[in-house]
Structure formats: structure tokens, C-alpha cells
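Below is one structure; the comments refer to it alone.
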Amino acid sequence: TTNIFLATIDSIDGCSTVVATNQFSPMPHTYGTLTVLENLKGEVSGQVNFAKAGGILSVAEYEEHAPEEMINNDNQHLEKEIDKEHTYSNYAFENDIKLEAGKTYVFFTNYVKETNMYVVDGVQYGTREVISNEQKPGFRSMPSTSLKIKDNDTNEYSSYDVFKETYFK
């Protein structure tokens, strides 16, 4: 992991099979922008682009950059003709969390220079939701109150300060 930071998602702009690396990936990535509020590892500031494995794509969008051999193989195994423009698939890993625009998370990322993208590292554990003590799910600057971080296994919240002290000091 090259960068770990606390950030609020500004927008979720789409899903693509090429956004993370500029070449076809069988696992598409949801992408968008976020604003970094605090660095835990590395130095990132302001609004940056991010990508996270998984997302929803039409079959046509998925096949747009796919190798012809793969498309031909998939077509041979279809039971009937489908409308590829209007048939969608949700590419998601089991137990992964769904990111939401406006919410704040700790992101574990790897920076990909070729795409100027911070790619979330890991699935269920690549992001952890953070809320303020007032139970507010997103903020645009560091609040003066204490923060809580969500445990993705138990869905319980604990102290963000203790999390930082335990893993980043």
C-alpha cells in the first residue's frame, strides 16, 4: 500500500474495465473523485481520482475493451441472444462494502502513475467508513469532535484515535 488516508467521496462517476491500469481487466473498477482530509501513510492532498474493484456494467460496456477471444467464448456459451446494451452485471466480491458519495472512509490505496489514480487495495478491508461523534456519515474538513471507524466484520464503531494510535504511530 503506497498511501493510506482519510477522505470523503465527492463523486462516483462510473465503472470501467480499463480505468485502473489503462488496459483491460476482467474485474471492472468503480471510479470517481475524493477529497483527502488526513494522511496516515504517504502524502496526498486535495481532490484526487480513485478506483475500487467491482461495479455494475452492461455486457456491451464490459466487452468494449475485452479480448476478442473472450467475447467469442462468452457468446458460444449463451443459451439465447441477449440485448448487451441493456443487460447488466454486478461485479462484486463477497462481503465487500459499497462506497457512497458524500461518506468519509479510510482508504488503503496504491497510486498508479499511468492513470493518476489511487486504486483501493483489498476488497472488504480496503476501505473503512468513518463517522463523527454526532453520527454524521460524511464531512468536508476534519471535525473538531472525535471520530469513529467502522469494523467491517462486526459493523461496530470504535475510536478512530485508537485505530490511528494502534496502527500508525
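The values are calculated or read from the model by the stated rules, or taken from the named source; none is laboratory data. Keep in mind it's a predicted model, so treat the numbers as computed, not measured. Reconstructed Cβ throughout: ideal geometry from the backbone, glycine too, with neighbour counts over all protein chains shown. The protein model used for the area step is the full one, side chains on, heavy atoms only, and it has no ligands, DNA or RNA in it. Shrake-Rupley method; radii C 1.70, N 1.55, O 1.52, S 1.80 Å.
Brief remarks follow.
- For segment 2-87, the share of DSSP beta bridges that are antiparallel, to the nearest 5, is 95%.
- Accessible surface, per residue, of the chain when the full set of protein chains is kept, probe 1.4 Å, Å²: 57 Å²
- Taking a straight line from the alpha carbon of K84, these aspartates and glutamates sit under 16 Å away, with near neighbours fewer than eight places off in the same chain left out: E61, E63, E64, E68, D74.
- Within the chain: Cβ-based charge dipole about Cα centre, in debye rounded to nearest 20 (Lys, Arg +1; Asp, Glu -1): 920 debye
- What you get for segment 14-92, charging only the Cβ of Lys and Arg (+1) and of Asp and Glu (-1), is a dipole of about 420 debye around the Cα centre.
- Candidate aspartates and glutamates for bridging to K52, where Cα separation is under 13 Å - those fewer than 8 sequence places away on the same chain excluded: D13, D96, E100, D121
- Computed with every protein chain present, the accessible area of V112 is close to 30 Å² [probe 1.4 Å].
- Cα coordinate range in segment 1-79, projected on the principal axes (Å, largest first): 50, 22, 17
- Separation of alpha-carbon centers, segment 113-169 and segment 30-60, rounded to whole Å: 14 Å
- For the chain, with +1 on Lys and Arg beta carbons and -1 on Asp and Glu, the positive-most of A51, T154, N39 along the dipole: N39
- The C-alpha atoms of the chain occupy a region whose extents along the principal axes are 57, 32, 24 Å, arranged from largest to smallest.
- Solvent-accessible area, 1.4 Å probe, carbon plus sulfur percent, for the chain: 46 percent
- Rounded to 0.05, the FRET efficiency of the N49 and Y88 pair, given R0 = 22 Å and the Cβ-Cβ distance, is 0.40.
- Percent of alpha-carbon pairs separated by more than 19 Å within segment 81-151: 52 percent
- Note on N72 and E38: the model spin-label points, each 7 Å out from Cα along the C-beta direction, lie 5.5 nm apart.
- Net charge contributed by nearby residues that have their C-beta within less than 13 Å of G55 (K/R +1, D/E -1): -1
- Counted residue by residue at 0.36 nm each, then reduced by the alpha carbon distance between them, the extension gain from V162 to S146 reaches 4.7 nm.
- Within the assembled protein chains, the solvent-accessible surface assigned to T145 is about 50 Å², based on a 1.4 Å probe.
- Cross-link partners of K41 among lysines (Cα-Cα below 16 Å; sequence separation of 8 or more within a chain): K164, K169
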